[in-house]
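The structure appears below as structure tokens.
Each value in this text was obtained by applying a stated rule to the coordinates, not by laboratory testing. All figures in this text were calculated on a predicted structure; none of them were measured in a lab. Here the Cβ positions follow ideal geometry from the backbone for every residue, glycine too, while neighbour counts run over all protein chains shown.
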Amino acid sequence: MNDQIELYGANTGNTLRAAIALEEAGIVYSPRWLDLHAREQLDPAYLTLNPAGKVPTLIDHGMTPALVINQSNAIIHYAEAKAPGRLAPAQPGPERIRVIDRYFFFVTDVIAPSHAAFFLHQAGQDKAAAIIDLRVIEQLTYAESFLTDDFMAGQQFSMADISAFTIVTAFRDRLDWKQLPQLSRWFDTVESRPSIQRARAAFQNR
Ligand SMILES: N[C@@H](CCC(=O)N[C@@H](CS)C(=O)NCC(=O)O)C(=O)O
């Protein structure tokens, strides 16, 4: 552990994506678990770090002033920049662009709509939410076609796998796995990575 970099979060896809990125990048950090049910994300001290009252939040005290990042996907970019080559090919070119392209596919075409469906469910709009959830499932099914190599964007594990992993996890009980042999193989491989185990352990519910 290293108190220079702190990651506040909980057992949620957004936090786990950030934590997996730090783990894969080899960035040492201190996990700070917040109890969302106890509304610790609304604690006044935490709101000074993240006025939206959301997780995750990363603080890098090694910078002056301390760097505070509130978006999970910005934390992935921070990790990628700090450890070139670990989350995407460092050199500009087609391999790097493919990673970015697939990473954004999961962020914008899968994770963002699933977030919208979550709010629709909360608002009692189950029919509308179900339409969006179906679209998410269709997109994840389409991702089977990405897996011509070992990982989502080629032979190397990348930030595209990180963005895919948390949302596939969230929908794992709703996917037709028999139709998804490559996604199934990929999921088992990625889930067994030490980075995933460590990130989950760091933010498991207490
Ligand atoms: N776009 C943000 C979303 C953050 C977010 O919505 N976090 C949720 C957990 S997944 C949260 O903190 N919910 C607690 C609340 O709304 O009170 C990100 O990717 O980091």
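Checked against (1) over 22 Å from ASP35 (Cα atoms); (2) of a type in the set (A, V, I, L, M); (3) not in a loop (DSSP other than H, G, I, E, B), LEU58 meets all criteria but (1). For region 1-33, a residue qualifies if it is assigned to a strand (DSSP E or B) and either of a type outside the set (A, V, I, L, M) or surrounded by fewer than 18 Cβ atoms within 10 Å (Cβ to Cβ) (or both), and the qualifying residues are GLU6, TYR8, GLY9, SER30, PRO31, ARG32, TRP33. The single condition from (1) within 16 Å of ALA153 (Cβ to Cβ); (2) under 19 Å from the mean Cα position of the chain (by Cα) that PRO92 fails is (2). If you check LEU87, LEU147, LEU140, LEU120 for being in contact (Cβ under 8 Å) with a residue 12 or more places away in the chain, of a type outside the set (Ser, Thr, Tyr), within 17 Å of ALA25 (Cα to Cα) and away from the ligand (no atom under 13 Å from the Cβ), only one passes: LEU87. Under the condition of being touching a Phe, Trp or Tyr at 6+ places or on another chain (Cβ under 8 Å) and among the aliphatic types (A, V, I, L, M), which residue from region 25-66 is nearest to the ligand (Cβ to nearest atom)? Among them, the one singled out is VAL55.
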